[in-house]
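*Asks:* Mind looking over this structure? Questions follow.
The values are calculated or read from the model by the stated rules, or taken from the named source; none is laboratory data. Only a predicted model underlies this, so the values are computations on that prediction, with no experimental measurement involved. Don't worry about glycine lacking a Cβ; one is built from the backbone with ideal geometry, like all the others, and counts go over all protein chains shown.
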Amino acid sequence: MTRPIPLRPDPRALMTRNVSALARACIAKAMARLDPRCDERDHMRTRWPDDPTAPLILRAASQPATLAANPVLGPSLVADLIATIGPTGAGARLLQAGLQLVFGSAGTVYVPGLEATADKVTFVREGAPIPVHGLTATGALLEPRKLAVIVALSAEMIAGSNAETLVADALTRATSLAIDAALFDDVVGDDVRPAGLRYGIAASTASASTDPNEAMIEDLSALAGTVSVIGGPIMLVTAPERAIAIGLRAPRELPFPILGSPSVAPDDVIAIATQGIASATDAVPEISSSRSATVHMDDDPSAISSIGTPNTVAAPTRSLWQTATIGIKLRFNASWALRDPRALAWLTTTAW
């Protein structure tokens, strides 16, 4: 008698389920603001009585230590959110392809560095002593840095039948843009944000060929060759229009994916060996909502930082109460680092 093969859960389906549960938890918190006669758990039971995951997310806001490891939520709900936006976000796809970790109670995560050399393992004659090599102890320290976003949705959108889709779309798009904006720059890290991946890495020399196709091939080959010392998959990141141009110019399918990010300058091309990047996030995000706040409707960090500065007008502003709007705030800790600086190379093209 043959034994049946047990069904295995689809990882992608589990990620999508957890992100849907996150959107439902956001909606339940918003609905509790619209109708204070019921709390978010009441709205959850009324609207999605069969969802086992969203109520745990609501509880996690007050009890993250015990629920972060809940098997229903999985190892990291934030990682699921990043994985879900992967197909559209270059930064999310890159972090997903690298080493993903979760911040624990210690608050920081130490990631051992990579040592991409071939002389640490050798063939040994039978009976001969095996060489002992000391590996380098350098590595990356991932410290929590708060990543937060506020999305404003009308009361009608929250109460409508498409609320789950709209909230999930708003959260994933906002998170995707926020990750890309910080991940691919060259800004030094501080107590507010992690360093951009290009910090401290000088640009490589672009091809001097006058033939655009030849220059493109030389540039891409040089970048891929530089980071190939790390081994493993390689990804290229550039502006969306240049990513499309590479696909059209290439005579055949390239051996590595080309990702487009609006946060990369039009003439910049970045190559990254994914094994050389590590990231860490909280397991469960913090969710809050408001219908009475006045918010500064601007996604420019430099403009937002001026709020509260004397004689400075923070415009445009919006009264959530006056416009019957709900503000949903999502925040979680995140950080990333290169495990080896040789894992990234970039240049500014000049001929194609």
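*Asks:* Kindly provide the set of residues from region 211-266 that are within 30 Å of Ala174 (Cβ to Cβ), without any contact (Cβ under 8 Å) to a residue 40 or more places away in the chain and among the polar types (S, T, N, Q), ordered by number.
*Replies:* Selection gives Thr238 alone.
*Asks:* Now, a different point. Within region 321-338, take every residue that is polar (S, T, N, Q) and part of a loop (DSSP other than H, G, I, E, B) and give me the one that is farthest from the chain's Cα centre (by Cα). Talk me through it step by step, then tell me what you get.
*Replies:* Going residue by residue through region 321-338, those that are polar (S, T, N, Q) are 322-323, 325, 333, 335.
Right, trim to part of a loop (DSSP other than H, G, I, E, B) and you get 322-323.
Values: Gln322: 34, Thr323: 32 Å.
By that ranking, first place goes to Gln322.
*Asks:* Would you confirm, using the coordinates I've provided, whether Glu164 is among the acidic types (Asp, Glu) and either closer than 15 Å to Leu22 by Cβ or outside the structural domain of Arg93 (by TED's automatic domain parsing) (or both)? Walk me through it before giving the result.
*Replies:* On the way: among the acidic types (Asp, Glu): yes; either closer than 15 Å to Leu22 by Cβ or outside the structural domain of Arg93 (by TED's automatic domain parsing) (or both): yes.
Against the criterion (among the acidic types (Asp, Glu) and either closer than 15 Å to Leu22 by Cβ or outside the structural domain of Arg93 (by TED's automatic domain parsing) (or both)), Glu164 qualifies.
*Asks:* For region 169-195, give me the residue count where each residue is surrounded by fewer than 21 Cβ atoms within 10 Å (Cβ to Cβ) and of a type in the set (A, V, I, L, M, F, W, C).
*Replies:* Filtering region 169-195 for residues surrounded by fewer than 21 Cβ atoms within 10 Å (Cβ to Cβ) gives 169-170, 173-174, 177-178, 181, 185-193, 195.
From what's left, of a type in the set (A, V, I, L, M, F, W, C): 170, 174, 177-178, 181, 187-188, 192, 195.
The total comes to 9.
*Asks:* Still on this structure: Have a look at Ala181, Ala170, Ala140 and point out the one that is modelled with pLDDT under 85, under 30 Å from Ser292 (Cα atoms) and either of a type outside the set (Asp, Glu) or touching a helix residue (DSSP H, G or I) at 6+ places or on another chain (Cβ under 6 Å) (or both).
*Replies:* Numbers: Ala181 fails: modelled with pLDDT under 85; Ala140 fails: under 30 Å from Ser292 (Cα atoms).
Exactly one residue qualifies, and that residue is Ala170.
*Asks:* Of all residues in region 206-228, which are touching a helix residue (DSSP H, G or I) at 6+ places or on another chain (Cβ under 9 Å) and exposed (fewer than 14 other Cβ atoms within 10 Å of the Cβ)?
*Replies:* Of everything in region 206-228, those that are touching a helix residue (DSSP H, G or I) at 6+ places or on another chain (Cβ under 9 Å) and exposed (fewer than 14 other Cβ atoms within 10 Å of the Cβ) turn out to be Ala208, Asn213.
*Asks:* Could you list, in sequence order, all residues of region 214-255 that are modelled with pLDDT under 90 and within 19 Å of Leu197 (Cα to Cα)?
*Replies:* Answer for region 214-255, where residues must be modelled with pLDDT under 90 and within 19 Å of Leu197 (Cα to Cα): Val229, Ile230, Gly231, Gly232.
Let's see how each residue does on (1) within 21 Å of Gln96 (Cα to Cα); (2) outside any helix (DSSP H, G or I):
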site: Val149; (1), (2): yes, yes
site: Glu156; (1), (2): no, no
site: Glu164; (1), (2): no, no
site: Ala168; (1), (2): yes, no
site: Ala174; (1), (2): yes, no
site: Asp191; (1), (2): no, yes
site: Arg198; (1), (2): yes, yes
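*Asks:* Tell me which residues, restricted to region 55-107, are assigned to a loop (DSSP other than H, G, I, E, B), modelled with pLDDT of 60 or more and touching a helix residue (DSSP H, G or I) at 6+ places or on another chain (Cβ under 8 Å). Lay out the reasoning, then the answer.
*Replies:* Narrowing region 55-107 to residues assigned to a loop (DSSP other than H, G, I, E, B): 61-63, 68-76, 85-89, 98, 103-107.
Filter once more, keeping what is modelled with pLDDT of 60 or more: 76, 85, 88-89, 98, 103-107.
Passing the criteria: Ile85, Thr88, Gly89, Gly98, Ser105.
*Asks:* Let me ask something else about it. If you take just the strands (runs of 3 or more DSSP E) that sit entirely in region 211-298, which of them hold at least 3 residues that are over 30 Å from Asn333 (Cβ atoms)? It would help to see each step written out before you state the result.
*Replies:* Working: elements: 234-238, 258-260, 268-273, 277-281, 286-290, 294-296.
Hits in region 211-298: none.
*Asks:* If you don't mind, another one. What is the number of the single condition among (1) at pLDDT below 85; (2) of a type in the set (Ser, Thr, Tyr); (3) in a loop (DSSP other than H, G, I, E, B) that Ser302 does not meet?
*Replies:* (3)
*Asks:* Still on this structure: Output the number of residues of region 196-205 satisfying the condition of being in contact with a strand residue (DSSP E or B) (Cβ under 9 Å, 6 or more places away or on another chain) and either buried (at least 19 other Cβ atoms within 10 Å of the Cβ) or in the same structural domain as Val237 (by TED's automatic domain parsing) (or both).
*Replies:* Residues meeting the conditions: 2.
*Asks:* Same structure, new question: Condition test on Val121, is it closer than 18 Å to Ser290 by Cα and either among the hydroxyl-bearing types (Ser, Thr, Tyr) or modelled with pLDDT under 85 (or both)? Full working, then the answer.
*Replies:* On the way: closer than 18 Å to Ser290 by Cα: no; either among the hydroxyl-bearing types (Ser, Thr, Tyr) or modelled with pLDDT under 85 (or both): yes.
Criteria not met by Val121.
*Asks:* Follow-up. Can you go through Ile272, Ile258 and tell me which one is modelled with pLDDT of 95 or more and either buried (at least 18 other Cβ atoms within 10 Å of the Cβ) or among the small types (Gly, Ala, Ser) (or both)? Working first, answer last.
*Replies:* Numbers: Ile258 fails: modelled with pLDDT of 95 or more.
Residue meeting the stated conditions: Ile272.
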